[in-house]
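The block underneath contains the structure these notes are about, expressed in structure tokens.
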Amino acid sequence: MIDIDVAFKEAKIQQFLDELDQELIGLETVKTRIKEIAALLLIARLREEQNIVTERPTLHMSFTGKPGTGKTTVAIRMAQILHHLGYVRRGHVVVATRDDLVGQYVGHTAPKTKDVIKRAMGGVLFIDEAYYLYRPENERDYGQEAIEMLLQAMENKRDDMVVILAGYKDRMDTFFQANPGFHSRIGHHLHFADYSLEELMAIAELMVQQQTYHFDPTSRQAFWEYLQHRMQQPHFSNARSVRNALDRIKLRQANRLVKQGGQVTPDELTRIDEADIRQSRVFRGGLDEEPAKMAAVGVNQV
Amino acid sequence: MRITQGTFSYLPDFTDEEIKAQVQYCLDNGWPIAIEFTDDPHPRNVYWTMWGLPLFDMKDAEAVMEEVRACRDMYSNYYIRVTGYDRSLGRQTTALSFIINRPEEEPGFRLSRTEGADRQIRYTLSSYSTDKPAGRRY
Ligand SMILES: Nc1ncnc2c1ncn2[C@@H]1O[C@H](COP(=O)(O)OP(=O)(O)OP(=O)(O)O)[C@@H](O)[C@H]1O
Ligand SMILES: [Mg+2]
């Protein structure tokens with residue numbers, strides 16, 4: 001008899017899942033799938049220990065979702081979990097885009113792709129915006145060569161690495177239609193939905209806390225309203241927009257304190273004031289500037 | 001005459017498993033691996049030919065082993081060595097280097113003596129195999 005509870009505990013799976021829960025707000029379907037994969041790998045290991053013939057599961061994946069929905073973050077966590085459960089030997093992530101894989105002239109692509117594949121061995125190869133590899137309008141495009149090498153690696157080097165393709169849902173769907181080879185080699189399709197207002201607020205609270213700042217009730221309300229505006233605007237990229245907004249708010253807070261001068265309390269150093277948020281252009285129908293640009297022109301003018 | 005040079009030179013030749021373990025040790029230390037081959041095994045010949053480029057940024061020894069096997073297939077009757085380079089400031093040198101392939105027959109070296117003025121003798125070593133042109137030696 002084998003005690004699954006003991007094996008589960010020894011593999012410290014729960015610990016990973018808890019960390020995941022604390023670190024990532026929402027994403028329930030993604031978390032469920034990670035849990036399922038962890039269970040699959042645990043059982044595979046128990047079967048192996050009992051000398052039951054066990055085929056190595058295919059864990060190539062596709063992550064679809066809008067910008068800032070946590071695809072890269074989950075890929076990094078996934079690599080750690082796969083490493084922890086003994087599925088990959090090292091557990092690092094190599095991020096590659098078209099530029100890293102596709103060359104500029106004949107004979108340039110193969111060594112580039114080969115090098116990326118080699119670097120990813122023992123870990124996870126994360127290909128962001130994978131659909132750029134495929135340019136149907138140009139039949140001589142070197143992307144095709146990279147695609148073929150990747151397909152081959154996904155098959156032959158299944159023991160050595162996990163490939164995760166990421167990008168927007170609709171474009172990935174077209175990409176998979178045009179390249180059925182990928183679709184059939186991918187075991188898991190995970191979709192990352194946009195975050196709700198409540199989730200974005202929770203993400204903001206988490207980030208603020210991680211950076212040892214805090215909202216007071218008025219600034220919390222102001223940030224909530226900020227998010228409501230920002231979500232309607234173009235180029236909204238979910239959690240990343242939250243992070244960027246907090247960066248700008250921290251900048252304003254620092255400038256406010258310096259301008260104010262005199263004595264400050266530790267509480268003031270960590271508190272975000274309503275004014276730090278309401279200064280944002282987003283409240284007047286504009287877009288926030290990049291933090292770098294803001295610093296250059298001085299916060300007051302923004 | 002069995003040529004010995006580099007690390008582990010007095011041990012029996014490594015198996016693939018053992019090579020892989022050493023390679024992983026290098027990678028874990030952040031030393032990129034290069035694979036080099038030659039058919040001129042003179043101890044003072046430091047210029048071996050590199051197999052492709054040095055393998056930067058590898059994490060897993062299996063990636064290096066693919067190249068080791070490819071090089072061995074192509075130059076099965078050459079000396080092949082694996083080197084790990086430590087680029088850290090103050091070291092900047094080969095940290096570890098060992099032979100992973102050798103020709104079937106190793107004829108060894110001739111010791112020549114040249115007598116000079118005052119009965120002084122100068123010694124020099126030359127490899128029997130380098131009498132033949134490069135590429136036809138082993
Ligand atoms: N659920 C979440 N909880 C907390 N933080 C999150 C969550 N999702 C994303 N983030 C944070 O948002 C930022 C952007 O996430 P990430 O880079 O993973 O997005 P992405 O989906 O890869 O975006 P892109 O498609 O633009 O590459 C990161 O700083 C990450 O920590
Ligand atoms: Mg990303």
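The values are calculated or read from the model by the stated rules, or taken from the named source; none is laboratory data. Everything quoted here is computed from the prediction, not taken from an experiment. Cβ: placed from backbone, ideal geometry, glycine included. Neighbour counts: every protein chain shown. Only protein heavy atoms, including side chains, enter the accessible area calculation; ligands, DNA and RNA are left aside. Shrake-Rupley method; radii C 1.70, N 1.55, O 1.52, S 1.80 Å.
Points worth noting:
- Across the options B:Pro107, B:Val82, B:Tyr25, the greatest Cα extent toward the positive end of the charge dipole of chain B (unit charges at beta carbon of Lys, Arg, Asp, Glu) belongs to B:Pro107.
- Under 14 Å from a label point set 7 Å out along the Cα-to-Cβ vector of B:Ser88, the amide N atoms of region B:21-36 belong to B:26-32.
- Relative to the dominant Cα principal axis of chain A, helix A:197-210 is inclined by about 80°.
- For the protein assembly as shown, a crude dipole built from +1 on the beta carbon of Lys and Arg and -1 on the beta carbon of Asp and Glu, taken about the Cα centre, is about 1020 debye to the nearest 20.
- Dipole-positive endmost among A:Tyr142, A:Met172, A:Ser280 within chain A (Cβ charges, Cα centre): A:Tyr142
- Which listed pairs, of A:Lys31/A:Lys169; A:Lys9/A:Lys118; A:Lys114/B:Lys20; A:Lys169/B:Lys59, have C-alpha distances above 29 Å, in listed order: A:Lys9/A:Lys118; A:Lys169/B:Lys59
- Gyration tensor verdict on region B:16-107 (Cα atoms; rounded if a/c is under 1.5, prolate if a/b is larger than b/c, oblate otherwise): oblate
- Computed FRET value (nearest 0.05) for B:Thr114 with B:Glu17, which takes r as the C-beta separation and R₀ as 45 Å: 0.45
- The magnitude of the dipole of region A:198-266, with charges of +1 and -1 set on the Cβ of Lys/Arg and Asp/Glu and taken from the Cα centre, is near 380 debye.
- Accessible area per residue (1.4 Å probe, heavy atoms of protein chains only) ranks A:His235, B:His42 as A:His235, B:His42, with the largest value leading.
- Taking Cα atoms only, the orientation of helix B:61-74 departs from the longest principal axis of chain B by about 40 degrees.
- Contact order relative to length of chain A, as percent, for alpha carbon pairs under 8 angstrom and 6 or more apart: 19
- Rounded to the nearest 500, the helix-only mean residue ellipticity at 222 nm of the protein assembly as shown stands at -14000 deg cm²/dmol, with each DSSP H run of n ≥ 4 adding -39,500 (n - 2.57).
- Cα gyration tensor shape for region A:108-187, rounded if a/c is under 1.5, else prolate or oblate: oblate
- Reciprocal of mean inverse Cα separation for region A:148-298 (Kirkwood radius, Å): 18.5
- Estimated at the nearest 10 Å², the accessible area of A:Glu145 is 70 Å² with a 1.4 Å probe.
- For A:Val106 and A:Ile4, the FRET efficiency from 1/(1 + (r/R0)^6), where r spans their Cβ atoms and R0 equals 60 Å, is about 0.65.
- Charge dipole of region A:49-102 about the Cα centre (unit charges at C-beta), most positive-ward option of A:Gly91, A:Val53, A:Gly68: A:Gly68
- Build a GNM of chain A with springs between Cα atoms under 10 Å apart, and of A:Gly285, A:Gly103, A:Gly65 the one that fluctuates most is A:Gly285.
- Angle of helix A:169-178 to the longest C-alpha principal axis of chain A, folded into 0 to 90 degrees and rounded to 10: 20°.
- Those aspartates and glutamates that a straight Cα-Cα span of less than 18 Å connects to A:Lys35, excepting residues fewer than 8 apart in one chain: A:Asp5, A:Glu10, A:Asp18, A:Glu19, A:Asp21, A:Glu23
- For region B:1-103, a simple Cβ point-charge model (Lys and Arg +1, Asp and Glu -1, everything else neutral) yields a dipole of about 400 debye relative to the Cα centre.
- Overall form of the protein assembly as shown per C-alpha gyration tensor (a/c, 1.5; a/b vs b/c): prolate
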